[in-house]
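Okay, structure first, notes after.
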Amino acid sequence: MPQVKFIEFNGTEHVVDASKGESIMVAATNNLVPGIDADCGGECSCATCHVLIDADWQARLGARSEQEESMLDLNPDRTDESRLSCQIPMTDELDGITVRLPEFQY
Amino acid sequence: MSGIVIIGAGQAAGQAAASLRQEGFEGTITILGDEDSAPYQRPPLSKQYLSGEVGVDRLLVRPEKFYVDKNIDLKTGTRVGSIAPSEKSVTTTGGDRFEYDKLLIATGSRPRILNITGSDLEGIHYLRTMGDVDGIRESMGSASRICIVGGGYIGLEVAAVARTSGLDVTVLEMEDRILQRVTTPEMSAYYHQLHAGRGVNIMTNTTVSGFQGNGSVSAVLCGDEIIEADLVIVGIGIIPNVELAETAGLKCENGIVVDDHCRSSDPDIYAAGDCTNHPNPLLNRRLRLESVPNAMEQARVASANMLGGDRVYAAIPWFWSDQYELKLQMVGFSSDGDSSVIRGDKSTNEFAVFYLNDGKVVAVDAVNSPREFMVCKQLYGKAVNAPDLANPEFELKSLLN
Ligand SMILES: Cc1cc2nc3c(=O)[nH]c(=O)nc-3n(C[C@H](O)[C@H](O)[C@H](O)COP(=O)(O)OP(=O)(O)OC[C@H]3O[C@@H](n4cnc5c(N)ncnc54)[C@H](O)[C@@H]3O)c2cc1C
Ligand code: FES
């Protein structure tokens, strides 16, 4: 099972197992990782599953869809590292990915 | 310590159980739900689950294993028959009794039922549960003419799915426009045209008087008018499930009356989700909402407060609806506005209508316009220059912070 390392805004780390095919958002909520609200349940409708992923890992992810891009665009905590975690399915290649959580979800 | 009991196993219940554990609560959590499934999401029921794009596993809020791993006692197929606040216990219809230190009522709502001639014929469905949709999907396979009673968001989402899969679709609306209860005449007209353009037959000012059929429905009667249909979906609104609370003596009035901490008139009983009538300090009034974000946030607030916290519910309502390839995202209530301004062009199916009151942003209806939706969530209650919003060259970003 691929693993995801979540780092909360306050520095607390959570390393969790994810099933292949399930999203990073689901890996977080199934393991009670705080800081992801995921109000729309993964429909790319709410942007409350915002996470930060560094450039090295980003290179291994698919590009943002137009919907994801526009949902992130006006997020006050938006950086180049911003992603919506419900839009990233876990794969073996992503084993060990580090995902940082922003201070707030909007 | 007898722990926390949650009545209902829907969206609010699932979130509450997770939040309680997340907050570090180690006592007993018992969820008593009358459906056969672990908590699941309802929005896809009239969207991707109806169309077959997603299966049951995607509906579940969390996998069944989660409840086992987190030591949450999830009892499905279990209906609570009564609450005894003086004994701090609940009793199921099967006679099992559970004691609580704190109780969360998350019983949601149920569809309003049509009680007219022929309404018990086969082929007439409501849409609230996974079981309902499984029934509808089975019928949809062999149906050719579907009639949807009620032009609300759920009815229109079903219309979109049915039309896309090639069925003949009629929508009957009692009022003079679809979405009458929830949006402006302008947005109603837009959605009317959209559906009409895709071949949906929408009949407004039309009240259903009965159903015809031999065992199974074959036509819908609206006075003298006869509309042939071999599948009928009724979506004429919901009723909050308050009877348990009411019988237990809790204050109810268009929902279970709770304070801004999601606490009912009994200090040890909380309520969350569709079943509550709650104050919203940002809107300065009481509301009863039928929406997932509300159910989730109230569940978080109630959980924190059941554990002795002091968290206030103060969230701006928002909602979404998917029809065909259009995603509508709404913030606030358009009826709160005294003026509106449109950004974008309706004919491109990419536009947003902002609603202002006294120059302050109070709502948006954003069609395929996630940026406008996100901006409204953040600008809510702030004064803006209306012509700026209308100007497509104007950078929305400059309005933030
Ligand atoms: C088809 C459909 C589409 C929707 N689309 C959207 C959407 O796009 N966006 C959005 O925000 N919202 C949408 N909603 C609304 C949203 O699903 C609800 O607001 C949300 O489910 C409310 O959560 P809840 O926990 O309050 O109630 P529910 O999820 O309804 O859960 C309540 C549960 O309690 C059970 N229960 C009731 N009484 C008892 C009892 N006595 N004993 C035991 N169990 C009991 C019920 O059977 C039910 O399982 C949609 C709803 C439907 C039906
Ligand atoms: S969960 Fe809503 S956008 Fe990701």
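The values are calculated or read from the model by the stated rules, or taken from the named source; none is laboratory data. No experiment lies behind these values; they were computed from the predicted model shown. Virtual Cβ from ideal backbone geometry, glycine too; neighbours counted across all protein chains shown. With ligands, DNA and RNA removed, areas are computed over all heavy atoms of the protein, side chains included. Shrake-Rupley method; radii C 1.70, N 1.55, O 1.52, S 1.80 Å.
If you roll a 1.4 angstrom probe over the protein chains with everything in place, what fraction of the accessible area of chain A belongs to carbon and sulfur, to the nearest %? Intermediate results must be reported in sequence, preceding the final value.
Details: 2020 of 4410 Å².
Carbon plus sulfur share of accessible area: 46 percent.
The contact residues of region B:1-46, meaning those that lose at least 50 Å² of 1.4 Å-probe accessible area when all protein chains sit together rather than their chain alone, are B:Q22. By the equivalent-ellipsoid construction on the alpha carbon gyration tensor, the protein assembly as shown comes out with semi-axes of 34, 31, 24 Å, ordered largest to smallest. According to the Kirkwood relation over distinct C-alpha pairs, the hydrodynamic radius of region B:35-84 is 12.5 Å.
Just to check, using Stokes-Einstein with a Kirkwood Rh over alpha carbon pairs, what's the diffusion coefficient of chain B at 4 °C and 1.567 mPa s in µm²/s?
Values: Rh = 22.5 Å.
The diffusion coefficient I find is 58 µm²/s.
State, in square angstrom and to the nearest 100, the accessible area buried between chains B and A, both chains counted, probe radius 1.4 Å. Rounded to the nearest hundred, the buried surface is 2300 Å². Using a probe of 1.4 angstrom and keeping all protein chains present, the accessible surface of region B:244-320 works out to 36 square angstrom per residue.
Report, as an integer, the average count of C-beta atoms from other chains found within 10 Å of each Cβ along A:62-74. Walk me through the numbers before you get to the answer.
Numbers: counts 0, 0, 0, 0, 2, 3, 1, 2, 7, 5, 3, 6, 15.
Partner Cβ neighbours, averaged per residue: 3.
Packing-based ranking of B:317-323, A:10-16 yields B:317-323, A:10-16, ordered from highest to lowest mean Cβ neighbour count within 10 Å. Segment B:E186..B:A314, full-extension length gain: 43.2 nm, with 0.36 nm per residue of separation and the alpha-carbon distance subtracted. Short-range pairs are left out: with C-alpha atoms under 8 Å and at least six residues apart, the relative contact order of chain A is 42 percent. The accessible-area loss of region B:371-395 on complex formation, taken against its chain alone with a 1.4 Å probe, reaches 50 Å² or more at B:R371, B:M374, B:Q378.
If only the Cβ of Lys and Arg carry +1 and only the Cβ of Asp and Glu carry -1, the dipole of region B:325-400 around its Cα centre is close to 220 debye. Peptide B:349-362 has a mean of 0 when you count, residue by residue, the C-beta atoms of other protein chains within 10 Å of its C-beta. Extending 7 Å from the Cα toward the beta-carbon at both B:E64 and B:D120 defines two label points whose distance is 3.4 nm. Could you give the distance between the Cα centres of region B:63-81 and region B:364-401, to the whole Å? First find each Cα centre; the distance between them is then 42 Å. Ranking B:L179, B:V301, B:I7 by how far each Cα lies toward the positive end of the dipole of chain B (charges on Cβ) leaves B:V301 at the top.
Take the Cα of A:T91, go 7 Å toward its beta carbon, and the backbone nitrogen atoms of region A:16-60 under 11 Å from that spot belong to A:21, A:60. Relative to the current alpha-carbon distance between B:N385 and B:S339, full extension at 0.36 nm per residue lengthens the span by 15.3 nm.
Compute the accessible area per residue over chain A, keeping the other protein chains in place, probe 1.4 Å, unit Å². If you can, show how the numbers build up before the last one.
On the way: 4410 Å² over 106 residues.
Per-residue value: 42 Å².
Dipole magnitude for region B:113-234: about 300 debye, using +1 per Lys or Arg Cβ and -1 per Asp or Glu Cβ, origin at the Cα centre. Note on region B:325-400: dipole from Cβ charges, positive end direction compared against B:M374, B:L326, B:N385; the farthest Cα belongs to B:M374. The Cα center of region A:1-80 and the Cα center of region B:148-169 differ in position by 33 Å. Note on the protein assembly as shown: dipole from Cβ charges, positive end direction compared against A:L61, B:Y191, B:A106; the farthest Cα belongs to B:A106.
In this structure, B:R112 and B:D36 have a Cβ-Cβ separation that, at R0 = 22 Å, corresponds to a calculated FRET efficiency of about 0.40.
Rolling a 1.4 Å probe over the protein heavy atoms of region B:180-265, with every protein chain left in place, gives an accessible area that is 45 percent carbon and sulfur.
Given R₀ = 30 Å, FRET efficiency for A:E66-B:R285 by Cβ-Cβ distance, to 0.05? Efficiency for this residue pair is about 0.20.
Determine, for each peptide in B:144-157, B:62-75, the mean count of other beta carbons within 10 angstrom over its residues, then list the peptides with the highest first. The partial results should precede the final answer.
Values: B:144-157: 24.2, B:62-75: 16.6.
Per-residue mean Cβ counts within 10 Å order the peptides as B:144-157, B:62-75.
The relative contact order of region B:69-142 comes to 15 percent, based on Cα pairs under 8 Å that sit 6 or more residues apart. Taking 0.36 nm per residue of sequence separation and removing the Cα-Cα distance, the B:E23/B:R137 pair yields an extension gain of 37.1 nm.
Taking 8 Å as the Cα distance limit and 6 or more residues as the minimum spacing, I'd like the relative contact order of chain B as a percentage. Can you show the working numbers first?
Values: 898 pairs, mean separation 55.2, N = 401.
Computed value for chain B: 14 percent relative contact order.
Under a point-charge model restricted to the Cβ atoms of Lys and Arg (+1) and Asp and Glu (-1), what is the dipole moment magnitude of the protein assembly as shown relative to its Cα centre, in debye to the nearest 20? Numbers along the way, then the final one.
Numbers: 43 positive and 72 negative charges, 101 e Å.
Charge dipole of the protein assembly as shown: 480 debye, to the nearest 20.
Label zone of A:D17 (point 7 Å out along Cα→Cβ, amide N under 20 Å): in region A:67-105 this covers A:89-99.
With every protein chain present, what is the per residue accessible area of region B:325-400 (1.4 Å probe, Å²)?
41
Our helix-only sum for chain B, with -39,500 (n - 2.57) per DSSP H run of n ≥ 4 divided by its residues, gives a mean residue ellipticity at 222 nm of -7000 deg cm²/dmol.
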